[in-house]
Amino acid sequence: MSKPAAPLKGRAARLARLMPSTGPSTAARTPFVLLVVLLLGGGLITLLLLNSALNEGSFRLSELKRDTTELTDEQQALQRDVDSRSQPDALEKRARELGMVPGGSPAFLNPDGTVRGRPTEATAPPSPSPTPSPTASPDAPAAGPSASGTSAGPSGSPSPSASVPQPDPAAENSPPPTSPGR
């Protein structure tokens, strides 16, 4: 330890009594230490809350990515179904199941009213699957040609000329008109 200081005399002794001792003061350090501890604690709590918020956002992001992947897979599967049902052979099969038949040769009307081409009747080729009867369908017309598209003549036999008008043979060789934009 250090040697005790020699006692001061007179005016110096009185000034020394007014001044605090020169030893370490704990009273002046306490607020500073508390301030540093509070700042460090507040900083750690803020970092913890920020980290928790980022983790929550990360979990939400991964969940949304998973949902997006599932929905994309579902959309692609639906698009494959649409594509497979849009192919010509699939459309033809579905049309035959509904009782539709391929159309015959078309005929066109010229602006002057003459017929271009020779129309032919659309007939159903024989198929192994039965076609629904036209009377069973609520959309079927009540009157008109029979299921084969021909009307019966006076003798009861089908008459193909009764429902199809015969066009002009000179207009048969002319090309069909084209629509603008096609």
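A compact table of results
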{"read-out": "Enumeration of residues in the range 92-108 that are of a type outside the set (Phe, Trp, Tyr), surrounded by 12 or more Cβ atoms within 10 Å (Cβ to Cβ) and not in a loop (DSSP other than H, G, I, E, B)", "value": "Glu92, Lys93, Ala95, Arg96, Glu97"}
{"read-out": "Residue count, the range 109-122 (criterion: part of a loop (DSSP other than H, G, I, E, B) and either touching a strand residue (DSSP E or B) at 6+ places or on another chain (Cβ under 8 Å) or closer than 28 Å to Asp89 by Cβ (or both))", "value": "6"}
{"read-out": "Scan of the range 18-34 for residues that are in a helix (DSSP H, G or I) and at pLDDT below 75, ordered by number", "value": "Thr26, Ala27"}
{"read-out": "Check on Ala6, at pLDDT below 80, part of a loop (DSSP other than H, G, I, E, B) and either touching a strand residue (DSSP E or B) at 6+ places or on another chain (Cβ under 6 Å) or loosely packed, with under 10 Cβ neighbours inside 10 Å (or both)", "value": "yes"}
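The values are calculated or read from the model by the stated rules, or taken from the named source; none is laboratory data. Please read all numbers here as calculations on a predicted model, not as lab measurements. Please note: Cβ atoms are built from the backbone with ideal geometry, for glycine as well, and neighbour counts cover all protein chains shown.
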